[in-house]
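The structure appears below as C-alpha cells.
Read-outs: derived from the displayed coordinates by stated rules, not from any lab. Values in this document were obtained by computation on a predicted structure and should not be read as measured data. So basically every Cβ, Gly included, is an ideal-geometry build from the backbone, and we count neighbours across all protein chains shown.
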Amino acid sequence: MPADVTGGHRPERHGTGQRTPRMRASDAEREAVVERLSQATAEGRLTLEELADRSEAAFLARHRDDLDRIAADLPQPGQETRQARLTKGPAVFRATTGDVTHESPALGTSGEVEATAVLGDLTLNLAHAQAPPSGELRVTAKAWAGDVKLIVPEGVTVETSGSVRDRTRRRTHDVPPGAPRVHVKGTAYLGEITVVRPRGNRRTTWREWIDEALDTATEFL
C-alpha cells in the first residue's frame, strides 16, 4: 500500500475526483510564523501568554494550513501597522502598608519592571499582560516586611537570582525554542518573593505533545 502522506487527515477532493494532500510545513515556515507572532506582540496585539501558546503550536505544526490558522487574526507581513507607543524607563508597581493586586499590569515596552512591597503584599499577574517587544521581561523585585508574588504563564522560561523562590517547577526541555523569558532578580528582608504558575491544570499544546511522546516511548519498554 502507498504511504500515507496526509498525516492522518482526509485530503480535499476537487472537481476531478482527485484528492490533494495537505502540504507539509518546513522549519523555515514555522520560524517565519513565530517571527510574526513576536512582531504582533511588540505591537500590543498578543499577550505574553498568547505568544507562548501560539509559539508552541507553531513549532508543533505539521501542515501549512495549521500555521495559517495560528496567525489568521494577525495582519499580513508588509501591511502598515500602527506601532505601539514606546515608553521610557521601567514599569513601576508598589504596595505600601497594604495589599495590591494587578490582574493585567501595564508593562509598557521597555522590557523592565520594578516591583516593590513594603509592609504589604504585591501580586502581579503577568499571564494576561502585554509582552515587551523583545519577548523578554526583566523584573527587579524588593520585599521589605512584605511579599511580592509574580504569576507567570505556562510556556514561559523563568530565570531567577537573589532572594527569589521559583515555584514554577518548569524543566528546561519542557519549554519550546524561542519561548518568552522572564528574568527575576530579588532582594528580600523579612519578606518573600515568589514566582508561580496560574492555578488550575491548564495544559499547553507543548505539554500535551511531550506527554504523548512519553506514553508512546513507554509502550516499547
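Remarks
- Long-range amide H partners of H63 with built H, under 5 Å: A25
- Computed magnitude of the charge dipole of region 91-196 (debye, nearest 20; Cβ of K, R +1, Cβ of D, E -1): 240
- Kirkwood Rh and Cα Rg combined as Rg over Rh, evaluated for region 91-196: 0.95
- Derived scalar couplings ³J(HN,Hα) [region 60-69; Karplus, 6.51 cos²θ - 1.76 cosθ + 1.60; whole Hz; x for Gly, Pro]: 9, 5, 9, 10, 4, 5, 5, 5, 4, 5
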